[in-house]
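Student: Starting off with a structure, shown below.
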Amino acid sequence: MRGGGGEPCGGRHGGQDIGEIGAVNIAAFLDPFIPALALAAGGEGHHAPSINDIWFPLANFLIYVFILYKFALPLVRDFLKTRRDEVVSTMAQAAAKKQAAEALVADYRKKLAGLDNEIAGLHAALREEGEREKRRLVSEAEAIALKVKEDAAFLGEQEVKIARQRLRLEMANEAEAAARLLLERHLTAADQARLAEEFIQSVGQSR
């Protein structure tokens, strides 16, 4: 994250902290010398501060600076480094998410651009499938019609054969009846007796 000035927020806050620490250190360093400076500025009648009045505050300040440098400064440095790493990681993640989103948008735009072609292809496939189905139904209907025609022809032939056999049987029955009637009219009793005798003899010989 960056502030309005384009600098990382963590770096700015870290700079403020270091500046505040430096200001406190300077104030602490100058604090023992302020009375001495005031006395020197007050007039020549005042005595100058002794070396002890300057040395002990200076030693305390140097020890304080050493402690800050030894312990506080590494903590501040580590904090700023961690903060910077977090900012860099956040920016990298944001850039990766932005890139993924842009790729997704581009993919959807590409799909939308090719949607018309896909719809046209689907319509063509459906028309082709419909034509194939129609040809299949027509072929099946023609096969069924041919089978029905063949069955009808076979049944017609069978009916003709049956009618012919029936006609022949009727003609044979009528011929037999006519022959009997003719025999009954033209044969005498003696002829009938002779035919009966011959029939009996033929039957006996066949045994």
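Student: Give me the extension gain from LYS161 to GLU174: residue separation times 0.36 nm, minus the current Cα-Cα distance, reported in nm with one decimal.
Tutor: 2.7 nm
Student: Something else now. Among the lysines, which have Cα under 29 Å from the Cα of LYS111 when same-chain residues fewer than 8 positions away are ignored?
Tutor: LYS97, LYS98
Student: Estimate the FRET efficiency between SER139 and ILE119 by the formula 1/(1 + (r/R0)^6), using the beta-carbon distance for r and 41 Å for R0, to the nearest 0.05.
Tutor: Plugging the Cβ-Cβ distance into 1/(1 + (r/R0)^6) gives 0.85.
Student: How about LYS161: which lysines have a C-alpha closer than 30 Å to its C-alpha, ignoring those fewer than 8 places off in the same chain?
Tutor: LYS161 reaches LYS147, LYS149.
Each reported figure results from applying straightforward, stated rules to the coordinates on display, with no laboratory input. None of the values given here were measured: they were computed from a predicted structure. So basically every Cβ, Gly included, is an ideal-geometry build from the backbone, and we count neighbours across all protein chains shown.
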